[in-house]
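Values quoted throughout were computed directly from the atomic coordinates according to the rules given, and no laboratory measurement underlies them. Keep in mind the model is a prediction, meaning the values are calculated, not measured. FYI the Cβ positions are ideal-geometry reconstructions off the backbone, even for glycines, and counts take in every protein chain you see.
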Amino acid sequence: MNSFMRSIGSLSFIWLVLAVSAAAQPSSSSPAPVLDSAGSPLKAGVEYYINPAITDNGGRFTLINRNGLCPLYVGQENVSGLEGFPVIFTPFAEGETVIRESRDLKIVFSASTTCVQSTAWKLGEKDAESGRRLIVTGESQSQQRPTSNYFKIVKAEVGDNIYNIQWCPTEVCPICRFDCGTAGGLVENGKRLFALDGSVLPVTFERRA
Ligand SMILES: *[C@@H]1O[C@H](CO)[C@@H](O)[C@H](O)[C@H]1NC(C)=O
């Protein structure tokens with residue numbers, strides 16, 4: 001009887017140790033999922049429209065013909081209510097099906113164009129006038145370290161389900177040192193481009209119906 005009681009006692013002690021160590025697991029191994037405008041976690045391979053989170057800041061994200069040439073640029077419709085193009089997110093981490101905050105991912109417009117370049121978002125050249133780095137479409141030249149094609153979605157400081165888009169591909173290249181940046185709108189000749197190194201545009205993600 002006594003030894004039975006003792007084993008019950010040591011069993012519950014083991015349970016306590018297990019429970020405490022489970023609670024002490026760092027949560028950083030799995031960052032919070034990014035949520036769409038309906039509050040559901042974003043999924044890889046599903047189409048989402050990107051919308052500005054604040055009014056009077058253009059419309060949905062779309063492909064912009066900047067100067068009549070290819071490649072096309074990442075930007076926005078001039079006003080809300082227009083269709084735009086949805087995007088598909090692909091995490092850098094293999095086998096990951098949920099889009100999580102601050103993880104490297106590829107963003108590709110779900111659209112076909114007359115340009116030969118892919119519709120993947122890519123860090124582009126510096127705009128001569130503003131000095132801001134533009135976001136363009138196309139594949140990175142580097143097969144090994146395609147850092148220019150990887151972005152991160154980070155939680156905006158205010159508001160529910162509102163995020164910023166950053167370029168800082170530290171998962172693709174942990175030993176690289178990047179001049180990281182957060183993206184925002186840049187109006188050029190009435191066209192709304194998306195660029196780093198200036199104003200920041202918070203966005204929301206709307207699952208395509
Ligand atoms: C927005 O307006 C400008 C100027 O009228 C035009 O050149 C541009 O094509 C428009 N953008 C879109 C995405 O339709």
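Keeping to pairs on different chains or 8 or more places apart, tell me how many lysine pairs in the range 31-207 have Cα atoms under 15 Å apart. Here the count comes out as 5.
Averaging the sequence gap over all C-alpha pairs within less than 8 Å and six or more residues apart, then dividing by the number of residues, gives the chain a relative contact order of 21 percent. The alpha carbon convex hull volume per residue for the chain rounds to 170 Å³. Taking one quarter of the surface of the convex hull spanned by the alpha-carbon atoms of the range 56-103 gives a direction-averaged projected area of 5.2 nm². Highest mean first, the peptides 173-182, 35-44 sorted by other C-beta atoms within 10 Å per residue fall in the order 35-44, 173-182.
Taking only Cα atoms, what is the 0 to 90° angle, nearest 10, from helix 2-23's long axis to the longest principal axis of the chain? Approximately 10 degrees, to the nearest 10. For the chain, the residue among 53, 194, 181 whose Cα projects farthest onto the positive side of the dipole built from Cβ charges is 181. Of the residues 117, 166, 76, the one that moves most in a GNM of the chain with alpha-carbon contacts below 10 Å is 117.
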